[in-house]
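Derivation of every value follows stated rules applied to the coordinates shown; laboratory data play no part. What you see is a predicted model; the values in this text were computed from it and never measured. Using ideal geometry, Cβ is built from the backbone for each residue, glycine included, and neighbour counts are taken over all protein chains shown.
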Amino acid sequence: MYVVSGLLVILSGLFYAADQGQLGRIGSTMCTYGDAFCRHPVYVLVGAGLAALWGAFVSVR
């Protein structure tokens, strides 16, 4: 789950950069298909936090 959490953090950054117009044509394509995530990348970041919490909860030591 920590890997998933890390990937979601990276994806959140990519959506933020796409919304700011820093990724060019690829960013506009991302915002076409994921408009809600481009306007609110914090949704993906919250998902990353929840995945990290879940990973900590279910980890066996």
**Prompt:** By counting other Cβ atoms within 10 Å of each Cβ, how are ASP35, ASP19 ranked from fewest to most?
**Reply:** ASP35, ASP19
**Fill in**
Measuring from the longest principal axis of the C-alpha atoms of the chain, the long axis of helix 2-19 (C-alpha) lies at a number of degrees, nearest 10, equal to 20
**Prompt:** What does the convex hull of the alpha-carbon atoms of the chain project to on average, in nm²?
**Reply:** 4.0
**Request:** Sort TYR2, TYR33 so that the residue with the fewest other Cβ atoms within 10 Å of its own Cβ comes first and the one with the most comes last.
**Result:** TYR33, TYR2
